[in-house]
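Enquirer: Once you've had a glance at the structure underneath, I'll fire off some questions.
Bear in mind these aren't lab numbers, they're just calculated from the coordinates by the rules spelled out. The shown structure was predicted, so the numbers you read here are calculated from the model rather than taken from an experiment. Quick reminder, even Gly has a Cβ in these numbers, built from the backbone with ideal geometry, and neighbours come from all protein chains shown.
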Amino acid sequence: MSRMTALRASGALALCLVAAAATAQTTTLTIATVNNGDMIRMQGYTSQFTEQTGIAIEWVTLEENVLRQRVTTDITTNGGQFDIMTIGMYETPIWGANGWLVPLDGLSEAYDVDDILPAMRGGLSHEGTLYAAPFYGESSMVMYRTDLMEAAGLEMPEAPTWDDIRAAAEAMTDRANEVYGICLRGKPGWGEGGALITATANSFGARWFDEDWNAQFDTPEWEAALTFYVDLMNNFGPPGYATNGFNENLSLFQQGRCGMWIDATVAASFVTNPNDSSVADSVGFALAPDNGLGRRSNWLWAWALAIPAGTQQADAALQFIEWATSRDYIALVAENEGWANVPPGARTSLYETPDYQAVPFADMTLRSINAADPTNPTVDPVPYVGIQFVAIPEFAGIATEVSQEFAEVYAGQQTVQQALANAQALTNDAMEAAGYR
Amino acid sequence: MARAVSTRRKIATTALAWAIGLLIFFPIFWTILTSFKTEAQAIANPPLFWGFDFTLENYAVVQERSNYMRFLWNSVIIAGGSTLLGIVIAVPAAWSMAFVPSRRTKDILLWMLSTKMLPAVGVLYPISLIFVQFGLLDTRGGLIVVLMFINLPIIVWMLYTYFREIPGEILEAARMDGAGLKEEILYVLTPMAIPGIASTILLNFILAWNEAFWTLNLTAASAAPLTAFIASYSSPEGLFFAKLSAASTMAIAPILILGWFSQKQLVRGLTFGAVK
């Protein structure tokens with residue numbers, strides 16, 4: 001073999017090796033997500049997606065607040081660390097409007113985008129374009145102890161008013177045995193206590209802003225809502241409720257210390273799970289209460305999958321989103337883990353499945369979601385979208401401060417009037433600084 | 001003359017020391033205990049100290065869900081790398097401040113410490129942008145540099161106080177014997193300051209191990225250390241305290257064991273120079 005032939009042969013071999021290496025290189029998607037039961041369950045099934053498509057998945061699971069800070073930094077600095085981000089209904093329209101997300105208009109026919117619940121689709125879109133696909137959705141509702149209600153000789157209406165709730169709380173409270181009529185969030189934070197009091201205020205006819213972005217905390221509606229909440233909780237709530245959030249109330253309810261708990265519909269699967277809950281077989285559900293003004297106090301939220309505009313692998317990312325939020329994925333989970341464990345609140349077809357209709361909380365979850373309208377959340381008109389939040393970037397900061405003012409009322413450190421005056425001043429200041437007023 | 005200390009006083013101080021020690025250790029003890037409970041028992045009220053069903057299930061779940069070894073390895077590299085790099089930079093710096101001080105040395109020392117007063121989140125965006133520019137996001141090298149800078153003031157300060165206790169005459173004698181700057185620092189100063197350097201290394205290794213702001217914000221999948229491992233088990237919607245406790249126990253175990261074996265050096269180093 002001449003020297004030239006040898007050179008050619010080795011060159012060809014090298015080319016082959018390079019080509020082989022290139023084809024063997026698999027696509028890997030990095031997905032940032034929250035730590036909750038449905039998401040963790042999905043991680044267990046991703047090997048099936050990898051088998052079907054050859055696309056490998058790398059998960060970055062973080063606590064909700066850490067995740068929010070992490071993905072916000074990444075998207076605003078164009079860090080490009082993630083191919084898919086798990087974001088909520090608050091971020092999606094804002095980020096979509098900023099051009100930070102890839103519009104999901106390339107979804108396949110089989111995916112059937114029209115099957116997504118209209119309330120979810122509306123909340124995850126900006127000007128009619130969908131920017132994130134809901135993995136699961138939730139509203140809020142009343143969870144109550146059927147045994148305690150029966151002992152008190154009361155019956156919970158399917159659509160109670162706040163007066164019904166107060167009467168039931170009074171009847172079920174038994175402080176000597178550490179049973180409290182009602183447990184509600186008081187913990188500061190826009191997504192914690194702030195979400196509950198904002199949704200409650202909606203049902204009292206209050207709103208965050210008027211149509212000219214003026215804060216509305218100086219209105220009688222806000223005073224009525226906050227006064228009612230404080231009076232209800234001081235009389236029939238657990239001690240130290242100012243620091244109770246979702247987890248604290250879940251723990252109290254599971255131990256049988258709450259007569260009622262108004263919170264996220266996803267909690268229903270926790271409180272009816274006999275492994276964790278001592279009251280699993282005596283929980284009833286009702287719509288979140290209203291005050292007869294045409295707006296209920298339920299919220300709307302979704303954890304959804306979105307593709308950041310900085311990714312190099314948008315096609316593979318879309319493929320994964322289609323798989324994870326599809327009807328087939330729901331069927332896969334139902335087959336392996338039962339219908340009570342499928343991700344709820346995202347697709348209409350799920351609620352038309354007879355097997356799912358048999359799940360005790362399915363019907364009330366759907367009705368709660370349908371009763372929520374983020375584009376028309378309050379009695380009086382408002383310039384914003386969102387029920388328990390206002391979909392503007394400034395809201396998270398403002399609402400966290402406002403909820404801190406409110407928590408001081410819950411802890412007995414200031415009056416309702418003082419807190420509302422402070423909230424009014426700080427909100428108007430912030431809105432002025434941001435150029436809304 | 002030695003001061004007479006009554007037995008009663010001895011008993012009282014011993015009891016007090018034990019009480020404070022146990023109080024400080026209690027959260028760690030409680031975390032470890034909770035990691036062996038079921039999720040329902042973990043939130044039981046009144047809390048269960050005994051009489052619960054001892055289970056290893058949480059460890060099994062954590063092991064199955066996360067690649068613990070990868071997180072552990074990242075923690076070791078990042079904490080170890082940043083500490084060693086810091087020492088290499090801080091030993092000459094502390095030497096010059098201790099033995100050839102200028103008029104401004106005191107001010108420089110204070111200024112260095114003042115950088116620790118800035119909340120980390122205040123520079124989140126500048127640092128993130130630098131990381132994006134230089135392609136350092138989610139790399140161990142990037143984190144080593146950042147954590148080194150964060151701990152550098154503490155390393156310099158600690159070494160400075162230890163070096164100040166070493167008589168300058170010894171170094172002078174070495175110089176007269178013909179030692180150059182390199183020999184002076186490497187063969188005379190460093191061996192004498194070993195207890196101080198060892199405790200500085202240990203303390204900074206622990207600080208870097210526990211650092212949970214930059215390690216969470218500048219990593220994604222490949223360089224994430226144990227702090228990210230713990231963060232993946234914390235949840236505001238759902239009670240996973242037993243699993244979180246198992247993850248925390250696994251994350252603190254290596255550093256706890258390291259601290260246990262090196263406590264003598266740690267205490268000796270921290271009290272080095274306290275007696276004059």
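Enquirer: Using each residue's phi in region A:385-401, evaluate 6.51 cos²θ - 1.76 cosθ + 1.60 at θ = phi - 60° and report the 3J(HN,Hα) Karplus result to the nearest Hz, with x for Gly and Pro.
Expert: Rounded to whole hertz, the list is 9, x, 9, 8, 8, 10, 6, 10, x, 6, 4, 4, x, 4, 5, 5, 5.
Enquirer: Which percent of the Cα-Cα distances in the protein assembly as shown go past 53 Å? List each step's numbers first, then the result.
Expert: On the way: 51545 of 253828 pairs.
Everything past 53 Å amounts to 20 percent.
Enquirer: What value in Å³ per residue do you get for the convex hull of the alpha-carbon atoms in region A:373-437? Mind dumping the intermediate values first?
Expert: Details: hull volume 6.5 nm³, N = 65.
Cα convex hull per residue, to the nearest whole number: 99 Å³.
Enquirer: Let me ask something additional. What is region B:35-178 by shape, rounded, prolate or oblate, if you read a ≥ b ≥ c off the alpha carbon gyration tensor as root eigenvalues and call it rounded for a/c under 1.5, prolate for a/b larger than b/c, and oblate otherwise?
Expert: Numbers: a/c = 2.58, a/b = 1.98, b/c = 1.31.
Taking the square roots of the gyration eigenvalues as a ≥ b ≥ c, region B:35-178 is prolate.
Enquirer: Computed on alpha carbon atoms, what radius of gyration and Dmax characterise region A:302-342, expressed in Å?
Expert: Using the Cα atoms of region A:302-342, the pair Rg, Dmax is 12.8, 38 Å.
Enquirer: Sticking with this one: When you look at the Cβ of every residue in A:332-344, what mean number of other chain Cβ atoms sits within 10 Å?
Expert: Details: counts 0, 0, 0, 0, 0, 0, 0, 0, 0, 0, 0, 0, 0.
Partner-chain Cβ atoms within 10 Å, mean over residues of A:332-344: 0.
Enquirer: Out of residues 5 or more away from A:E58 or on other chains, whose amide H comes under 5 Å of its own, with H placed 1.01 Å from N in the peptide plane?
Expert: A:L29, A:T30, A:I31
Enquirer: Right, another one. Please average, across the residues of B:136-144, the number of beta carbons from any other chain that are within 10 Å of each residue's own beta carbon, and give a whole number. All intermediate terms of the calculation are to be shown ahead of the outcome.
Expert: Working: counts 0, 6, 5, 0, 0, 0, 0, 0, 0.
That average works out to 1.
Enquirer: Output the peptides B:236-249, B:173-186, A:107-120 sorted from most to least packed, where packing is the average of other Cβ atoms within 10 Å over each peptide's residues. Display every interim value, and only then the final one.
Expert: Values: B:236-249: 22.8, B:173-186: 12.7, A:107-120: 16.0.
Those peptides, ordered most packed to least, come out B:236-249, A:107-120, B:173-186.
Enquirer: Give me the net charge for the shell around B:Q63: Cβ to Cβ below 15 angstrom, other residues only, Lys and Arg +1, Asp and Glu -1. Don't jump to the answer; show the numbers that get you there.
Expert: Values: positive: B:R65, B:R70, B:K243; negative: B:E57, B:E64.
Residues close to B:Q63 contribute a combined charge of +1.
Enquirer: I would also like to ask the following. List the residues, sorted by chain then number, that are 5 or more residues from A:Y136 or on another chain and whose placed amide H is less than 5 Å from its amide H.
Expert: A:W303
Enquirer: Spelling out what I want: for every residue of region A:79-95, take phi, set θ = phi - 60°, compute 6.51 cos²θ - 1.76 cosθ + 1.60 (Karplus), and round to whole Hz; glycine and proline get x.
Expert: Once θ is set to phi - 60°, the couplings for region A:79-95 become x, x, 7, 10, 9, 9, 10, 8, 10, x, 6, 6, 6, 3, x, 5, 5 Hz.
Enquirer: Compute the relative contact order of region A:40-170 as a whole-number percentage, counting only Cα pairs closer than 8 Å that sit 6 or more residues apart in sequence. Each step should come with its number before you reach the end.
Expert: Numbers: 65 pairs, mean separation 19.4, N = 131.
Across region A:40-170, relative contact order equals 15 percent.
Enquirer: Determine, for each peptide in A:178-187, B:189-198, the mean count of other beta carbons within 10 angstrom over its residues, then list the peptides with the highest first. Could you put the intermediate results ahead of the total?
Expert: Values: A:178-187: 23.8, B:189-198: 18.2.
Output ranking for A:178-187, B:189-198: A:178-187, B:189-198.
Enquirer: On full extension of the chain, what length is gained from B:Q63 through B:S114, given 0.36 nm per residue of separation minus the C-alpha to C-alpha distance? Present the calculation step by step, with values, prior to reporting the outcome.
Expert: Values: separation 51, 0.36 × 51 = 18.36 nm, distance 4.14 nm.
Gain on extension, B:Q63 to B:S114, equals 14.2 nm.
Enquirer: Follow-up question, since we're still on this one. Is the shape of region A:27-181 rounded, prolate or oblate, going by the alpha carbon gyration tensor and its root eigenvalues a ≥ b ≥ c, with a/c under 1.5 for rounded and a/b larger than b/c for prolate?
Expert: On the way: a/c = 2.33, a/b = 2.10, b/c = 1.11.
Here region A:27-181 falls in the prolate category.
Enquirer: Where does each of A:121-131, A:243-253 land if you order them by average Cβ count within 10 Å, highest first? List each step's numbers first, then the result.
Expert: Working: A:121-131: 18.5, A:243-253: 22.2.
Most protected by this proxy first, the peptides run A:243-253, A:121-131.
Enquirer: Could you work out the mean count of beta carbons from other protein chains within 10 Å of each residue's beta carbon in A:62-71?
Expert: Counting Cβ atoms of other protein chains within 10 Å of each residue's Cβ and averaging gives 5.
Enquirer: For Cα pairs less than 8 Å apart in space and 6+ apart in sequence, what is the mean separation divided by the residue count of chain A, i.e. the relative contact order in percent? Please list the in-between numbers first.
Expert: Values: 782 pairs, mean separation 103.7, N = 437.
Once divided by the residue count of chain A, the mean separation gives 24 percent.
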